Amino acid sequence: MLSRRALLTLLAASGTAACGSRPGETTAPAAAPPAAASGGATSSGVTSTTSTGAVTTGSTGGSNAVGTSPHTLVVVFQRFAADWLNLLVPYGDPDYATLRPNIKVGSPLDLDGYFGLNPGLADLKPLYDSGRLGFVAATGWLPQEARDRSHFFAQSIAEAGARSGVSGGWLARVMLRDSSDSSWAALAAESAVPASFQGYAGAIAVRNFADYNHGSVMGDAATALIETIAGLAGTPGERIRQLAEGVRELQASPPPEPTVSYPATSLGQGLKVAAQAIRGGLAPRVISVSSEDDWDTHVNQVSRHAAALPNFAGALRAFHDDLGELMDGVTLVTMTEFGRKAKENLGGTDHGTASSMLLMGAGVLGGRVHGQWPGLSASALYQGEDLEPTTDFRAVLGEILAGRLGLSPAQVEEIFPGGYAAPANWRGFLR
Amino acid sequence: MMQRRTFLQLAGYSALYGGLLADFGRSAMAMEPGEVAGSDLDLHLLRRISFGPTPASLARVRAVGRAAYIEEQLAASDLLAETLTAALYPLINTSGSAIYLSTGAGFVVNIHQLELQSAMLHRALLSSAQLHEVMVDFWNDHFNTYIRKNPVPLKIDFDRNVIRANALGNFKTLLKASVRSAEMLHYLDNWLNRSGQINENYARELLELHSLGKGGGYSEADMKALSLILSGLGFITDLPFSALAYGTVQFNASQHDGSAKHFLGVDFPAGGGEAEIDRALDLILAHPGTAQHIASKLCRRFVADDPPAALVERVAATFTATGGDIKAMLRLILNSAEFEASAGAKLKRPLEAMVGALRACGINQVDQLANTNLFGIPVAAPNGLLFNSLVQAGHEPFGWVPPNGYPDSADYWGNSNTMLYQQKFLVGLVEGLSFSYLLSDPISFLTLGNSVATGVTRAKTPRKAVSNAVANLLFTPLPEAASAAALAFVAQDADPDAEMTNTELEKRVKGLVFVLLASPWFLLR
């Protein structure tokens, strides 16, 4: 099992290496960071983990990340289209500043001499430097017929994982192929179960573990009566019965409190719940989290990003530090329904096409920007106005499903039909 | 139709495995939504066109019949409820900009928001014109704007003049009113859509969400043309110098793109000016895609998450034939065979579940009326249990940020988190302080409401208490196995027919009220 995964990872890495040179491609990892660069204000345990992550490379890191315990995939969906051009800033692209005279990020934190991080994301820089966080640039739908600039349609097909020919959501198809026996295996750490879980009845939505009890003075007797009555209703009562069951389980062993503080945002709250589930031994396989960090920046983008980005980065950083060594068994990936226009509309950005994805985890080959940068010149832009996707987002997800959740390429193909997530398309961002 | 087929399947299943399915509980495992909802069509109608049946509304529909009741509701208005609401929440009848000034330009920002939100809840709870309130909720979702995007409370004017005024009127009037509202122009950024700085936000959502719908027959080029057509349409914004005029919609010709356009197959010559907007809206409204989209959303709201295509076609034809008459479309839907066959096909959203629970309990006040303002005048404290619970369940009135409005499907709402906060609301309702004076002391129950829960707790024996609770809260019998479980919960080791001490009985019956209102027998609609 382990060797198969290692082999796949290796294949993927060689696949990337075979690609031709591109304007913004990073051909080497960032300079080896000093171990002291990471850690920050965290506990000593976390710092040592981080140092280990920074020092550890190659097969040792790989075996630690994959082999020992069941892996957890955390999927953060940035709702309403994050402008990744101003998050992962291609400041080395000569067209960037021209297209965005008023909203360009003037002094990004340099990552590799070509890309820089928006200073609002400074909390993520130490993780990047220690090799535990990376990016795949210019992601989206490779097939043009699936590209769409409607938030709602684009979210629904991104969560389905295909424009057509599939039923339900992609995470549901993952769960249907997973053998985990935990009742918390599919966890929506948000206020509702997202469409990506549609078609899998076992997903549980939790916004706050501290609230996870009805609180009646009738206590367990009321829980039991709810379970019985809802059970008698069959399908229409299933979610209610499942809730009562969960309340009972958590009564018996409540999840631990966080060891760090999280921003008071949907993402902060969601990642706090995600970390509690992992640390509490609930053995989640897939966790969905919603980032509602004011991404739909048609106007006033600079000030809105200045307010939102520190919370976005802070939530990811808190999650990383809260989990400590357990981060070895976790891979986090972000996605959004589309990127925003390369050219600003004077103060903001309208709906566009390609975006980028962030990857975090001890098993991530971080400290670099993966993928292929298509450039922002007029001829390189999709329909003359949008960043062109060069990596299908399903290839990124497929690489994680195979490399970390142990699914076979054939199963990945069932989840994302059409070959877009096939090993040949992987970018080799896993250790 | 569906119910019969389900029944036959169940009967066949039971006959085949009759020996294994010894108790009712096992066979009930195969229940379908229609069976849980039951076959009482009067009840079905009230679950759909109101925020929940009450003894009075059920008596009325039984007395006049469903068809006549539908007509009553289509014509209904409730002056008393309006007067009460305005007395409790007076800010809703003033203009948003005036309120903003009188409260010190933002120092007391959320009072007006909370009053509007509370008024919405109060009307849903109290008004006898229930179908009107349901449609207000429907259109507020369809033309969603987020109450906190603009600190100036233009939402108050929008809710009153655009949504409430047209909720049962004509869709064309409603859509045009929404386009000429400062609230919408602000929410979807059109006030910043200017020639040379085109902002596509409003044009895209107007086509996709408000009218033709995704796949309804427009292209990306149409969207871009519409964004040019709408450029220059904004409103007076320069606070504080023209504060009283703030929110007055105006077309600024110098900010309008004067080029020639091509929209929905029609040429717009250069220099068309403001007249282009109504011309474009007329094209949108006459387009079959708009009829189809509105019909489909109405059928999703009133019939099923995945509405029957044949019904949607007939409703769309009615839209076209009547020029967008909302009452005509509702009349067709509510009297259709598809509607009758759909009992239990919908799940209550938190608003309907929580307000419906209050209505079932005979409570017709939003909780906590005891506060006084700076001058000692009693005012409503809007952020009580009901409001806070809706926030936690993700269904705060006017609190949905993106422009598509709150989802209208069990896929979205049928999750553990939503159910959890509904349960916590119910526990707060029956055991907490917010409504306790209503539940336990009829003398302080000031309105004409009939507190069912109070009646339930007056029963002397467990058996009587259970049958009262089921009859008064659910209006429909429970399966025998569920009743038996409920009785065991209340009686525990005692004789179910023996009188029990008030304190103990009340505690257990309140628990039962909570469980019943959290059960599928209450939550399906």
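The values are calculated or read from the model by the stated rules, or taken from the named source; none is laboratory data. Nothing here was measured: the structure is a model prediction, and the numbers come from that model. With ideal geometry, Cβ positions are generated from the backbone for all residues, glycine too; neighbour counts draw on all protein chains shown.
Among the residues of region B:454-489, what is the count of those that are over 19 Å from B:Ala357 (Cβ atoms), touching a residue at least 12 places away in the same chain (Cβ under 8 Å) and crowded, with 20+ Cβ neighbours inside 10 Å?
Here the count works out to 2.
Being within 14 Å of chain B (Cβ to nearest Cβ), more than 26 Å from B:Arg508 (Cβ to Cβ) and β-branched (Val, Ile, Thr) is true for just one of A:Val217, A:Val289. Which residue is that? Step through it out loud before you land on a result.
On the way: A:Val217 fails: more than 26 Å from B:Arg508 (Cβ to Cβ).
Selected residue: A:Val289, the only one of A:Val217, A:Val289 that is within 14 Å of chain B (Cβ to nearest Cβ), more than 26 Å from B:Arg508 (Cβ to Cβ) and β-branched (Val, Ile, Thr).
Give the residue that is surrounded by the most Cβ atoms within 10 Å (Cβ to Cβ), with candidates limited to residues of region B:397-420 that are part of a loop (DSSP other than H, G, I, E, B) and in contact with a strand residue (DSSP E or B) (Cβ under 6 Å, 6 or more places away or on another chain).
From region B:397-420, those part of a loop (DSSP other than H, G, I, E, B) are B:397-409, B:414-415; that's our starting set.
Checking the rest, the ones that are also in contact with a strand residue (DSSP E or B) (Cβ under 6 Å, 6 or more places away or on another chain) come to B:414-415.
On the way: B:Gly414: 20, B:Asn415: 25.
My answer is B:Asn415.
Here's the yes/no breakdown for (1) part of a loop (DSSP other than H, G, I, E, B); (2) within 7 Å of another protein chain (Cβ to nearest Cβ); (3) surrounded by 21 or more Cβ atoms within 10 Å (Cβ to Cβ); (4) modelled with pLDDT under 95:
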{"residue": "A:Ala222", "(1), (2), (3), (4)": "no, yes, yes, no"}
{"residue": "A:Leu225", "(1), (2), (3), (4)": "no, yes, yes, no"}
{"residue": "A:Glu249", "(1), (2), (3), (4)": "no, no, no, yes"}
{"residue": "A:Pro256", "(1), (2), (3), (4)": "yes, no, no, no"}
{"residue": "A:Thr259", "(1), (2), (3), (4)": "yes, no, no, no"}
{"residue": "A:Tyr262", "(1), (2), (3), (4)": "yes, no, yes, no"}
{"residue": "A:Leu267", "(1), (2), (3), (4)": "no, no, yes, no"}
{"residue": "A:Lys272", "(1), (2), (3), (4)": "no, no, yes, no"}
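When you go through (1) crowded, with 22+ Cβ neighbours inside 10 Å; (2) at negative phi one by one for B:Asn252, which number turns out not to apply?
(1)
Give region A:347-390 a look and list any residue that's within 23 Å of the chain's Cα centre (by Cα), within 19 Å of A:Ala154 (Cβ to Cβ) and not in a loop (DSSP other than H, G, I, E, B), or say none.
Of everything in region A:347-390, those that are within 23 Å of the chain's Cα centre (by Cα), within 19 Å of A:Ala154 (Cβ to Cβ) and not in a loop (DSSP other than H, G, I, E, B) turn out to be A:His351, A:Ser355, A:Ser356, A:Met357, A:Leu358, A:Asp386.
Being more than 26 Å from A:Ala315 (Cα to Cα), away from chain B (no Cβ under 14 Å) and of a type in the set (Gly, Ala, Ser): is that true of A:Ser355 here? Before you say what the answer is, go through the steps one by one.
On the way: more than 26 Å from A:Ala315 (Cα to Cα): no; away from chain B (no Cβ under 14 Å): yes; of a type in the set (Gly, Ala, Ser): yes.
So A:Ser355 does not fit the description; no.
Report yes if B:Arg148 is in a helix (DSSP H, G or I) and in contact with a helix residue (DSSP H, G or I) (Cβ under 9 Å, 6 or more places away or on another chain), otherwise no.
Values: in a helix (DSSP H, G or I): no; in contact with a helix residue (DSSP H, G or I) (Cβ under 9 Å, 6 or more places away or on another chain): yes.
It is false that B:Arg148 is in a helix (DSSP H, G or I) and in contact with a helix residue (DSSP H, G or I) (Cβ under 9 Å, 6 or more places away or on another chain).
Within region B:29-80, take every residue that is among the hydrophobic types (A, V, I, L, M, F, W, C) and within 14 Å of chain A (Cβ to nearest Cβ) and give me the one that is surrounded by the most Cβ atoms within 10 Å (Cβ to Cβ).
Looking only at region B:29-80, we keep the residues that are among the hydrophobic types (A, V, I, L, M, F, W, C), and these are B:29-31, B:36-37, B:41, B:43, B:45-46, B:49, B:51, B:56, B:58-59, B:61, B:63-64, B:67-68, B:70, B:74-76, B:79-80.
Within this subset, residues satisfying the condition of being within 14 Å of chain A (Cβ to nearest Cβ) are B:29-31, B:36-37.
Numbers: B:Met29: 15, B:Ala30: 15, B:Met31: 20, B:Val36: 25, B:Ala37: 23.
Applying the filter and picking the extreme gives B:Val36.
Specify which of the listed residues (B:Phe158, B:Phe138, B:Phe143, B:Phe235) is touching a strand residue (DSSP E or B) at 6+ places or on another chain (Cβ under 8 Å) and either buried (at least 23 other Cβ atoms within 10 Å of the Cβ) or more than 14 Å from every other protein chain (Cβ to nearest Cβ) (or both). Show your work before the answer.
Details: B:Phe158 fails: touching a strand residue (DSSP E or B) at 6+ places or on another chain (Cβ under 8 Å); B:Phe138 fails: touching a strand residue (DSSP E or B) at 6+ places or on another chain (Cβ under 8 Å); B:Phe143 fails: touching a strand residue (DSSP E or B) at 6+ places or on another chain (Cβ under 8 Å).
Result of the check over B:Phe158, B:Phe138, B:Phe143, B:Phe235: B:Phe235.
Just checking, how many residues over region B:486-525 are under 33 Å from the mean Cα position of the chain (by Cα) and of a type in the set (A, V, I, L, M)?
We begin by selecting, within region B:486-525, every residue under 33 Å from the mean Cα position of the chain (by Cα); these are B:486, B:506-525.
Keeping just the survivors that are of a type in the set (A, V, I, L, M) gives B:486, B:509, B:512-513, B:515-518, B:523-524.
Number satisfying all stated conditions: 10.
If the requirement is being buried (at least 24 other Cβ atoms within 10 Å of the Cβ), touching a Gly at 6+ places or on another chain (Cβ under 8 Å) and small (Gly, Ala, Ser), which of these qualifies: B:Gly247, B:Gly217? Outline the logic, then answer.
On the way: B:Gly217 fails: buried (at least 24 other Cβ atoms within 10 Å of the Cβ).
Selected residue: B:Gly247, the only one of B:Gly247, B:Gly217 that is buried (at least 24 other Cβ atoms within 10 Å of the Cβ), touching a Gly at 6+ places or on another chain (Cβ under 8 Å) and small (Gly, Ala, Ser).
Going through region B:188-219 one residue at a time, which ones are in contact with a Pro (Cβ under 8 Å, 6 or more places away or on another chain), part of a loop (DSSP other than H, G, I, E, B) and within 9 Å of another protein chain (Cβ to nearest Cβ)? Walk me through it before giving the result.
Initially, region B:188-219 is screened for residues in contact with a Pro (Cβ under 8 Å, 6 or more places away or on another chain), giving B:188, B:205, B:209, B:217.
Narrowing the set further to residues that are part of a loop (DSSP other than H, G, I, E, B) leaves B:188, B:217.
Listed by number, the list holds a single entry, B:Leu188.
Which condition number does B:Asn364 fail, the rest of (1) under 22 Å from B:Gln73 (Cβ atoms); (2) of a type outside the set (D, E, K, R); (3) touching a Phe, Trp or Tyr at 6+ places or on another chain (Cβ under 9 Å); (4) at pLDDT below 95 being met?
(3)
Just for region B:491-512: of the residues that are modelled with pLDDT under 85 and β-branched (Val, Ile, Thr), which one is farthest from B:Cys361 (Cα to Cα)?
Result: B:Thr501.
Is it the case that some residue within region A:322-340 is crowded, with 23+ Cβ neighbours inside 10 Å, under 30 Å from B:Glu220 (Cβ atoms), among the acidic types (Asp, Glu) and modelled with pLDDT of 95 or more?
Within region A:322-340 (the criterion being crowded, with 23+ Cβ neighbours inside 10 Å, under 30 Å from B:Glu220 (Cβ atoms), among the acidic types (Asp, Glu) and modelled with pLDDT of 95 or more), the answer is yes, since at least one residue qualifies.
Return only the number of the condition from (1) surrounded by fewer than 16 Cβ atoms within 10 Å (Cβ to Cβ); (2) in contact (Cβ under 8 Å) with a residue 60 or more places away in the chain that B:Ser211 does not satisfy.
Of the numbered conditions (1) surrounded by fewer than 16 Cβ atoms within 10 Å (Cβ to Cβ); (2) in contact (Cβ under 8 Å) with a residue 60 or more places away in the chain, the odd one out for B:Ser211 is (1).
Say whether the condition of being of a type in the set (A, V, I, L, M) and within 12 Å of chain B (Cβ to nearest Cβ) is met by at least one residue in region A:136-150. Break it down into steps so the answer makes sense when it comes.
The initial filter retains those residues of region A:136-150 that are of a type in the set (A, V, I, L, M), namely A:136-138, A:142, A:146.
Among the residues that remain, those that are also within 12 Å of chain B (Cβ to nearest Cβ) are: none.
For region A:136-150, residues of a type in the set (A, V, I, L, M) and within 12 Å of chain B (Cβ to nearest Cβ): absent.
Of the conditions (1) more than 10 Å from chain B (Cβ to nearest Cβ); (2) among the small types (Gly, Ala, Ser); (3) in contact (Cβ under 8 Å) with a residue 24 or more places away in the chain; (4) over 21 Å from A:Pro255 (Cβ atoms), A:Ala185 satisfies every one except a single condition; which number is it?
The failed condition is (4).
Please find, among A:Thr259, A:Thr223, A:Thr235, A:Thr228, the residue that is polar (S, T, N, Q) and touching a residue at least 60 places away in the same chain (Cβ under 8 Å).
On the way: A:Thr223 fails: touching a residue at least 60 places away in the same chain (Cβ under 8 Å); A:Thr235 fails: touching a residue at least 60 places away in the same chain (Cβ under 8 Å); A:Thr228 fails: touching a residue at least 60 places away in the same chain (Cβ under 8 Å).
After applying the criteria, what remains is A:Thr259.
Please tell me if B:His293 is out of contact with any strand residue (DSSP E or B) (no Cβ under 8 Å at 6 or more places or on another chain), within 14 Å of another protein chain (Cβ to nearest Cβ) and touching a residue at least 60 places away in the same chain (Cβ under 8 Å).
On the way: out of contact with any strand residue (DSSP E or B) (no Cβ under 8 Å at 6 or more places or on another chain): yes; within 14 Å of another protein chain (Cβ to nearest Cβ): yes; touching a residue at least 60 places away in the same chain (Cβ under 8 Å): yes.
Yes.
Any residue at all in region A:166-181 that is under 21 Å from A:Phe77 (Cβ atoms), within 11 Å of chain B (Cβ to nearest Cβ) and at pLDDT below 95?
yes
Determine, yes or no, whether A:Gly406 is farther than 23 Å from A:Arg173 by Cα and of a type in the set (Gly, Ala, Ser).
Taking the combined requirement at face value, the residue does not satisfy it.
What about A:Thr98, is it at pLDDT 50 or above, out of contact with any Ser or Thr (no Cβ under 7 Å at 6 or more places or on another chain) and assigned to a helix (DSSP H, G or I)?
Values: at pLDDT 50 or above: yes; out of contact with any Ser or Thr (no Cβ under 7 Å at 6 or more places or on another chain): yes; assigned to a helix (DSSP H, G or I): yes.
So A:Thr98 fits the description; yes.
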